[in-house]
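The values are calculated or read from the model by the stated rules, or taken from the named source; none is laboratory data. Model, not experiment: these values are computed from the prediction. So basically every Cβ, Gly included, is an ideal-geometry build from the backbone, and we count neighbours across all protein chains shown.
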Amino acid sequence: MRRDVAHYIRSCDLCQRFKAANEKKAGLMQSHVVQSPWHTIGVDLTGPLPKTPRGNAYILVVVDYFTKWVEFFPLGTIKSRNIAQLLHDEVICRHGIPVKIVSDNGAQFVADVFRETLKIMGIRHRTTALYHPQSNLSERVNRTLKPMLAIFAEHDKES
């Protein structure tokens, strides 16, 4: 059965075109010390994607480092103010204030509005090293999400 599944995946054109290549690991990293659920979260953006009927073209990915729970939020624009508001309304109000948020160095996450919002709430903001996406767990989620969305969109066009 395992051999049949592996053969099917290797022969699936869509799977081969959209699946990310597995690269050799770059070495040891220090892990995040996480003490409880929603203590540390990773955030990242995916997009632009084809616009939905509601005008959303981006997805905000939020990952809890303790439980590995993932939440996706559609966004029409990726302004820092919108992202900070969405994090407050959809994540912090439901799960509590995290101790730390990990993000990449995207303009939305290093903007004054975003940083000040986190500072007011007492949240430490840690950005990943440039060109080292492995430092943020949400980047790994994006690596899985993007091919799934691409395959779904390609399949949906055909039917």
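A quick yes/no check of all residues on (1) modelled with pLDDT of 85 or more; (2) basic (Lys, Arg):
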position	(1), (2)
8	no, no
25	no, yes
29	no, no
33	no, no
57	yes, no
60	yes, no
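Contact map, segment 69-91: first residue farther than 13 Å from residue 57 by Cα and at pLDDT below 95, second residue surrounded by 14 or more Cβ atoms within 10 Å (Cβ to Cβ) and acidic (Asp, Glu), Cβ cut-off under 9 Å, separation 6 or more or different chains; pairs are 70/64; 71/64; 71/90.
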